[in-house]
Amino acid sequence: MNNYINPYPSVMAVAKRPDITFVKGKGSWIWDSTGKSYLDVVQGWAVNCLGHSSDILVETISRQAGKLIHAGPGFFNAPMVQLSDALTSHSCFDQVFFTNSGAEANEGAIKLARKWGSIHKQGAYEIISLEHGFHGRTLATMSASGKAEWENLYAPKPSGFIKVPRNDIEAIKSTINKNTVAIMLEPVQGESGVHPASPAYLQALRALADEHKLLLIFDEVQTGMGRTGTLFAYEQYGVQPDIMTLGKGLGGGMPLGAMAIKQEIACFEPGDQGGTFNGNALVTAVGQAVLHAIVAPGFLEHVGTMGALLSDGLTKLSAKHGLGEVRASGLLLAMDTGEISAVDVVEKMFEMGALINAPRAYTLRFMPALNIQQDEIEQILSLLEQAFACMVDNPTGKGDNV
Ligand SMILES: Cc1ncc(COP(=O)(O)O)c(C=O)c1O
């Protein structure tokens, strides 16, 4: 990737970007300005759940853009109301607040929990979250995240977030105190390298939250909207959180997030929360089209089938080349690469015309479009086979592509 030279000095260098510029995408494929195509298994960071420029989205965007783009947060608009209705009717939640990103949805959840604590729990405000968790890049969501590298970045960050190891119920029990108001976690940790919570753990968390009158917040920004094979990951655990946050796939590529809550914990009053673009008509119309596509008959079954195919292929590849664990939840998958630098694998795949992600130095992550086809999964596996065949005798370097 040309040592990440930035060819555009006017673009702030906040990420290590390869020296190419994307100009076009369709389905599982994306093209750069030289005409080179790439099989895209990153899809805008698990965002383009219907692939690049799906016909449904293109049609919805042009239809809605010709009708109403933005009425402002002080008014209802038709797509905002329709998407709220659709999300509540397809989930266990009663109310929705729309945002422009996953971080903003989580920021809203943190605010709501603190307000609820001030009313119902004598001012309790502390939130227990998990080591290696990821909740976004606003100051509060960075505090809620469990990334060790962020510990001192932008200090002082908001306080009141206590971190515990994942899947360790005793650690949570011993952390709860009179100031605790909520437990916040991803049902499957995405950025840490696809680490699912165990069903027993989430069920125990629900029981603990009920016992101590705490809010249970599931960050489904990455796992929601069909990514793990059900519309929302919580459905697979037999556990209902009090708050669920969404982002990424909800807008299918448009900036849309949401916080969904149960009626009984609603406590925002007008003026407590908001934002200029929240509930924008254009993006919520797109959210509706995405939701409609995901709940259509056969769509989620397809996610399960393609996820199993990719998982089986990765497991065989790992066994053949002596790599590491494969973890999968629908079409959110990771593979540990053993001695081989995952960053080097990403670069090799990039040269060969495929985009994959290395969230950790020795872990690859796969987050393709949910409508990816079998031949495309086979192509990814074949390219990976070629990449590992080149690299297995020549493992190099270390790195971190986060
Ligand atoms: C679980 C989770 N929560 C929150 C976020 C932040 O979302 P956004 O980047 O849209 O602010 C992410 C992004 O990767 C995520 O994976």
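Key figures
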| quantity | calculated |
| --- | --- |
| Qualifying residue in the stretch 46-58 (condition: within 16 Å of the ligand (Cβ to nearest atom) and assigned to a helix (DSSP H, G or I)) | yes |
| Flag for ALA124 being part of a loop (DSSP other than H, G, I, E, B) and either away from the ligand (no atom under 14 Å from the Cβ) or modelled with pLDDT of 95 or more (or both) | yes |
| Per-region count, the stretch 209-230, residues open to solvent by less than 10 Å² (accessible area, probe 1.4 Å) and either away from the ligand (no atom under 13 Å from the Cβ) or not assigned by TED's automatic domain parsing to the domain that holds LYS178 (or both) | 5 |
| Test: ALA204 is away from the ligand (no atom under 13 Å from the Cβ), open to solvent by less than 10 Å² (accessible area, probe 1.4 Å) and assigned to a helix (DSSP H, G or I) | no |
| Selected residue (criterion: nearest to the ligand (Cβ to nearest atom)) from residues of the stretch 128-146 that are outside any helix (DSSP H, G or I) and either modelled with pLDDT under 95 or among the aliphatic types (A, V, I, L, M) (or both) | LEU130 |
| Some residue of the stretch 101-109 being within 22 Å of THR60 (Cα to Cα) and either open to solvent by 50 Å² or more (accessible area, probe 1.4 Å) or at pLDDT below 95 (or both) | no |
| Residue in the stretch 22-30 that is at pLDDT 95 or above, over 22 Å from the mean Cα position of the chain (by Cα), farther than 24 Å from LEU332 by Cα and buried (at least 22 other Cβ atoms within 10 Å of the Cβ) present | no |
| Subset tally (residues that are of a type in the set (Val, Ile, Thr) and part of a loop (DSSP other than H, G, I, E, B)) for the stretch 59-113 | 1 |
| Flag for SER91 being surrounded by fewer than 21 Cβ atoms within 10 Å (Cβ to Cβ), touching a residue at least 40 places away in the same chain (Cβ under 8 Å) and among the small types (Gly, Ala, Ser) | yes |
| From the options LYS178, LYS163, residue that is over 22 Å from the mean Cα position of the chain (by Cα), of a type in the set (D, E, K, R) and over 21 Å from LEU87 (Cβ atoms) | LYS178 |
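The values are calculated or read from the model by the stated rules, or taken from the named source; none is laboratory data. Treat the numbers as computed from the prediction; the structure is a model and nothing was measured. Note that we place each Cβ from the backbone using ideal geometry, even for glycine, and neighbour counts take in every protein chain shown. Heads up: the accessible areas ignore ligands, DNA and RNA and are worked out on the full protein's heavy atoms, side chains in. Shrake-Rupley method; radii C 1.70, N 1.55, O 1.52, S 1.80 Å.
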